[in-house]
Amino acid sequence: MKDEPTLRVIEEREMPADLDLQIRQVLMQCFPNDLAAFGQTRAWHGSSPSVTVIARDCSGQVVGHMGLHERTIDVGDAAVRVAGLQNVCVVPSHRKSGLFERLMAATMPEAAERGYDVGLLFCLPALQRVYARVGWVELPGRATTRIDEKGVECGLPNNDVPMFYPLKVRELPTGDIHLRGNDW
């Protein structure tokens, strides 16, 4: 039996530079279309994680990653504190091993412990089923507004689908979503 990867939760303010580099290398491996961005930072569209959950194999190499970006957003007339899930990846050699589920099982309770209202992520339509399998709920029929790199209000890129994860708040308030910044 293959050794199970070990999971670790890291406060971003305590992230060592060598581990940041190793995570970025994994992100570049998993997202080859985004080499330029991840070659420089893990802050997708300028949105940095506040907490990172990693998985390491028995040799100490990072083989999986999830970041939580903290932000208060507007949903209808309500302010909602979200744990924005970002940069989710598992290296190809560890896919279909249950590692994604183990990472999620560590990440979302961490978000709950930190008192976030809900989790929020944006995914391509092809990944909706993957996230739904572990408790994420699609938000159909809601306009989602972000503020892009130029300061312009616009919709989500690439037809991304917003999904939420119930934490302190079991149902997201009604109304459209305004991210108060760029997506993550």
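The values are calculated or read from the model by the stated rules, or taken from the named source; none is laboratory data. This is a predicted model, so every value here is computed, not measured. Note that each Cβ is placed from the backbone with ideal geometry, even for glycine, and that neighbours are counted across all protein chains shown. Areas reflect the complete protein model, heavy atoms only, side chains present, ligands, DNA and RNA absent. Shrake-Rupley method; radii C 1.70, N 1.55, O 1.52, S 1.80 Å.
Brief remarks follow.
- Degrees between helix 99-113 axis and first principal axis of the chain (Cα, 0 to 90, nearest 10): 50 degrees
- Cysteines in the chain that, by Cβ-Cβ distance, have no pairing candidate under 4.7 Å: Cys58, Cys123, Cys154
- Net +/- balance of residues flanking Gly84 in space, Cβ distance below 10 Å, scoring K and R +1, D and E -1: -1
- Overall, the stretch 1-91 carries a charge dipole of about 100 debye about its Cα centre when +1 sits on the Cβ of Lys and Arg and -1 on the Cβ of Asp and Glu, all other atoms neutral.
- Dipole of the stretch 115-184 [Lys/Arg +1, Asp/Glu -1 at C-beta], most positive-end residue of Leu172, Thr144, Asn159: Leu172
- Across the options Val26, Ala112, Val80, the greatest Cα extent toward the positive end of the charge dipole of the stretch 1-120 (unit charges at beta carbon of Lys, Arg, Asp, Glu) belongs to Val26.
- Relative contact order of the stretch 58-146, pairs being alpha-carbon contacts under 8 Å that are 6 or more residues apart, as %: 26 percent
- Share of carbon and sulfur in the accessible area of the chain stands at 50%, probe radius 1.4 Å.
- Inter-centroid distance (Cα atoms) of the stretch 21-77 relative to the stretch 113-132, Å: 15 Å
- Average accessible area per residue (Å²) across the stretch 50-117 - probe 1.4 Å, nucleic acids and ligands excluded: 37 Å²
- Once exposed loop GluC sites (Glu not before Pro) are cut out (DSSP; at most 16 other Cβ, 10 Å), longest piece of the chain: 1-148
- For Rg and Dmax of the Cα atoms in Å, calculated from these coordinates, the label among (i) 25.0, 81; (ii) 25.0, 75; (iii) 16.0, 52: (iii)
- Length released on extending from Phe31 to Val9, taking residue separation times 0.36 nm less the Cα-Cα span: 5.7 nm
- Highest-MSF residue in the chain out of Leu172, Leu103, Leu121 [GNM, Cα springs under 10 Å]: Leu172
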